[in-house]
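Working notes, beginning with the structure itself.
The values are calculated or read from the model by the stated rules, or taken from the named source; none is laboratory data. Bear in mind that the values here come from a model prediction, so they are computed numbers and not experimental data. Cβ coordinates were reconstructed from backbone atoms using ideal geometry, including for glycine residues, and neighbour counts include every protein chain displayed.
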Amino acid sequence: MGIRLGIDLGGTKTELIALDKNGEELLRRRVPTPTCDYTATVKTIIALIGDAESALAGQTLGQAPTVGIGIPGTVSPATGFIKNANSTCLTGKPLDRDIEAGLGRPIRLANDADCFALSEATDGSGSGHTIVFGVILGTGVGGGLSIEQKIIRGPNAVTGEWGHNSLPWPDINLRETPGPECYCGRTGCIETFLSGPGLCRDASPDGGPIKFRGAEEVIDAANTGDAAAQVALDRYVARLSKALASVVNVIDPDVIVLGGGLSNVKYLYEAVPQTWDDFIFSDTVATLLLPPKHGDSSGVRGAAWLWPGTD
């Protein structure tokens, strides 16, 4: 296997990386993602690939690079079209087939959280471990499962979607049930509590305007003595501990790797393992909770790793 191209299709930017057979970065490109325009999005991806291939022409040895793409959604096994996409213009479209038609060769496409998990399992924080659960804690809450460095999609292509389960062991006194409304149409989803916007809402005056513009502001406020922010952060730790404990009880992973903006909060890696023992059905807990080795690059690297090596 020669050069791998990985693409991370985000809501505001589309990023490409080229890796050699050893996972070393050869090239990186980033362009704006067209807003709510499916046709323009397809053309942007194809143009980005063409630009990278031109730049790498002397290194490909006549073999076209493989192409893997991570998207904020997934391909429905039932229809072959994109479903569950945060970028709604992708929903119901044959994205992989349209890109393949434009390139004239096959590609591989996966959910961006799956790509994150695969990256960290392949040569990241989960390297050397069998079962790796990758968690996204950002604008939304998602996840992906890798076993022996392979993505587990499941027959419904929803493996790892823990963010749309109910928060386990809800505290009635904290109004964790029925909980906030979620965009999926239900209430009390894990995402409504553990996303960045969920933390901002929880740290703001009850029923009042949102005080913080991002999770980073909540963390900074807690670190400088803001009582409401500290209480919200403590609740966040308790909720994350319960939610991850339910994952451990079902999957029993070797490693859980956090990704997304909130993965930068170092306090979580100390506080959560001290709390989740109360909810995990075991006498001891060997599961590791780790930050991502590749940070924001894990998603695009995982897209490149969708094509396993054969050499």
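Which members of region 61-71 meet the condition of being outside any strand (DSSP E or B) and within 16 Å of Leu306 (Cβ to Cβ)? Explain how you work it out, then say what you get.
Taking region 61-71 as the starting set, the residues that turn out to be outside any strand (DSSP E or B) are 61-65.
Selection gives Ala64, Pro65.
For region 232-252, taking the residues that are within 19 Å of the chain's Cα centre (by Cα) and of a type in the set (S, T, N, Q), the one that is farthest from Tyr267 (Cα to Cα) is identified as Ser246.
Under the condition of being of a type in the set (Asp, Glu) and in contact with a strand residue (DSSP E or B) (Cβ under 7 Å, 6 or more places away or on another chain), the residues counted in region 138-157 number 0. The residues of region 71-84 that are surrounded by 20 or more Cβ atoms within 10 Å (Cβ to Cβ) and not β-branched (Val, Ile, Thr), listed by number, are Pro72, Gly73. Tell me, please, whether a residue that is within 23 Å of the chain's Cα centre (by Cα), free of Cβ contacts under 8 Å to residues at least 24 places away in the same chain, in a loop (DSSP other than H, G, I, E, B) and more than 27 Å from Leu118 (Cβ to Cβ) can be found in region 218-229. No, that holds for no residue. Within region 233-285, the only residue that satisfies the criterion of being on the phi > 0 side of the Ramachandran plot and either crowded, with 22+ Cβ neighbours inside 10 Å or not assigned by TED's automatic domain parsing to the domain that holds Cys189 (or both) is Gly260.
Scanning region 48-60 for residues that are surrounded by fewer than 17 Cβ atoms within 10 Å (Cβ to Cβ) and assigned to a helix (DSSP H, G or I) returns Gly50, Asp51, Ser54, Ala55.
If a residue has to be hydroxyl-bearing (Ser, Thr, Tyr), more than 16 Å from Ser241 (Cα to Cα) and at pLDDT 90 or above to count, how many in region 185-206 make the cut? Number of matching residues: 1.
Thr177 - would you say it is among the polar types (S, T, N, Q), assigned by TED's automatic domain parsing to the domain that holds Val218 and closer than 20 Å to Ala232 by Cβ? It is true that Thr177 is among the polar types (S, T, N, Q), assigned by TED's automatic domain parsing to the domain that holds Val218 and closer than 20 Å to Ala232 by Cβ. Among the residues of region 244-261, none qualifies, meaning not one is in contact with a Cys (Cβ under 7 Å, 6 or more places away or on another chain), over 19 Å from Ser125 (Cβ atoms) and not hydroxyl-bearing (Ser, Thr, Tyr).
Looking at Cys115, Cys89, which one is at pLDDT below 95, part of a helix (DSSP H, G or I), in contact with a helix residue (DSSP H, G or I) (Cβ under 7 Å, 6 or more places away or on another chain) and within 26 Å of Cys36 (Cα to Cα)?
Numbers: Cys115 fails: at pLDDT below 95.
One residue alone meets the criteria, Cys89.
Of the listed requirements (1) closer than 22 Å to His129 by Cα; (2) without any contact (Cβ under 8 Å) to a residue 60 or more places away in the chain; (3) basic (Lys, Arg), Arg175 misses just one: (1). Quick one: would you say Thr79 is in a loop (DSSP other than H, G, I, E, B) and among the β-branched types (Val, Ile, Thr)? Here the answer is yes, as Thr79 does meet what is asked. Any chance region 226-237 includes a residue that's under 24 Å from Ala121 (Cα atoms) and modelled with pLDDT of 95 or more? No, region 226-237 has no match at all. Scanning region 94-112 for residues that are touching a residue at least 24 places away in the same chain (Cβ under 8 Å) and in a helix (DSSP H, G or I) yields Leu95, Asp96, Asp98, Ile99, Gly102, Leu103, Asp112.
Filter the strands (runs of 3 or more DSSP E) completely within region 1-47 down to those with at least 3 residues that are without any contact (Cβ under 8 Å) to a residue 60 or more places away in the chain and not basic (Lys, Arg). Walk me through how you get there before you give the answer.
Details: elements: 4-9, 13-19, 25-32.
Because the criterion is at least 3 residues that are without any contact (Cβ under 8 Å) to a residue 60 or more places away in the chain and not basic (Lys, Arg), the strands (runs of 3 or more DSSP E) in region 1-47 that meet it are 25-32.
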